Amino acid sequence: IHIHDEASVTLNNVNIVGNTTDDDDGAGIAAYDGAVLVMNGGSISNNILWSSFQSYADPYGSLYLNDSTAYLNGVEFVGNQFAGNNSAYGVAIYATNSKLVAENCTFRENGNRDAVSQGRIPSSVISIDEGSMEFINCVFEDNGVPESEYGGEIVELWGGTVKISNSVFRNNSCDSVIDCRSGIVEVSDSVFEGNYSRVFWNKADAGSF
């Protein structure tokens, strides 16, 4: 689903499942140029960001937001994966210069496919490059690359603001649960439990959270 030019789309109990994008962004939904997405219930699950071995493209996001806005309530992001060459950013959600509000959402088992055998760079589950994201009463569980020595980030921030409240980060296998490269992170009334920080490329990394 592509949403362009300040268009507005509302999805009620819609499941975006099992789609693949090849060397491109938005395996499930992509929104651009002032578009607005409202999603109540449903899921964005088991989608694959594929980067071919002939390409050096880094695909972004099963949900991809570029200069757009998304309001999510009760949406499940489960089993979204990156497969192929290089790496991907925001396997579940990637947003640049955008606004996202996610409430009562679940993020589970998002990460890399066959990362050990193919030796790819671990990918972040959620990535923001400027703009704002707010997560309210959300669960982040069993994301990352549990079968690998490597692990990406669960929430990755390259500028902008991330607010997290009344949320749980549990049993994620990652380099960092929250990796703030630049910008502002505010966390309140949340739980970090049983997360496992891995060594990235066999180099010590202080990580964060």
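Taken together, the values in this text are just the output of simple stated rules run on the coordinates, not laboratory data. Quick caveat: nothing in here was measured; it's all calculated off a predicted structure. Cβ placement follows ideal geometry from the backbone for every residue including glycine, while neighbour counts extend to all protein chains displayed.
So here's what we get for this one:
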| item | result |
| --- | --- |
| Under Karplus coefficients 6.51, -1.76 and 1.60, residue-wise ³J(HN,Hα) of region 59-66 in Hz, glycine/proline x | x, 10, x, 5, 10, 10, 10, 10 |
| Theoretical FRET efficiency, 1/(1+(r/R0)^6), r = Cβ-Cβ of V9 and K163, R0 30 Å, to 0.05 | 0.75 |
| Net charge dipole size for region 1-82 [Lys, Arg +1 and Asp, Glu -1 on Cβ; Debye, nearest 20] | 340 debye |
